[in-house]
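Notes to accompany the following structure.
The values are calculated or read from the model by the stated rules, or taken from the named source; none is laboratory data. Values in this document were obtained by computation on a predicted structure and should not be read as measured data. Cβ atoms come from the backbone with ideal geometry, glycine included; neighbour counts cover every protein chain shown.
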């Protein structure tokens, strides 16, 4: 799957997941429209997500968990730990990066971060190799930063 344009704001979930890099979003059949998309189908765990539906999140200006007084709460720490272990990416680090550089700069960085350096295809957070050319990769943002627990 090739992607030349930038990710959009709706691709970034409140927890810091980039839905554009999710296999459910990238697949052709039964495609998820993304956590923050106003329309289209969503996978069940996105519809019922306790983070997206958190009452404290609704009080934030940014609509990101990092805008909450409780950040990083237990829910975010748990999902972050799982994403670090399974996918070598940190959602807490993603959210802190958004806070530091702003959403527009973050979206630009995400476009470069998730583009295969070999063939230019869009990479998937759930895999450690490009689905088009098979090149193995690791998340450079994750590799250069200290893990957050």
Among the residues of region 53-64, write down those that are farther than 13 Å from residue 10 by Cα and either touching a strand residue (DSSP E or B) at 6+ places or on another chain (Cβ under 8 Å) or assigned to a loop (DSSP other than H, G, I, E, B) (or both).
53, 54, 55, 56, 60, 61
It is to be established whether one or more residues within region 104-112 are in contact (Cβ under 8 Å) with a residue 40 or more places away in the chain, in a helix (DSSP H, G or I), out of contact with any helix residue (DSSP H, G or I) (no Cβ under 6 Å at 6 or more places or on another chain) and surrounded by fewer than 18 Cβ atoms within 10 Å (Cβ to Cβ).
yes
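Restricting region 113-126 to residues that are outside any strand (DSSP E or B), in contact (Cβ under 8 Å) with a residue 60 or more places away in the chain and surrounded by 14 or more Cβ atoms within 10 Å (Cβ to Cβ), which is farthest from the chain's Cα centre (by Cα)?
Restricting attention to region 113-126, the residues satisfying the condition of being outside any strand (DSSP E or B) are 113-114, 116-120, 123-126.
Next, from what is left, pick out any that are in contact (Cβ under 8 Å) with a residue 60 or more places away in the chain: 114, 120, 123-126.
This time we only want the ones that are surrounded by 14 or more Cβ atoms within 10 Å (Cβ to Cβ), so: 114, 123-125.
Numbers: 114: 10, 123: 12, 124: 10, 125: 8 Å.
Here the residue is 123.
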What number of residues within region 9-38 are modelled with pLDDT of 90 or more and in a loop (DSSP other than H, G, I, E, B)?
6
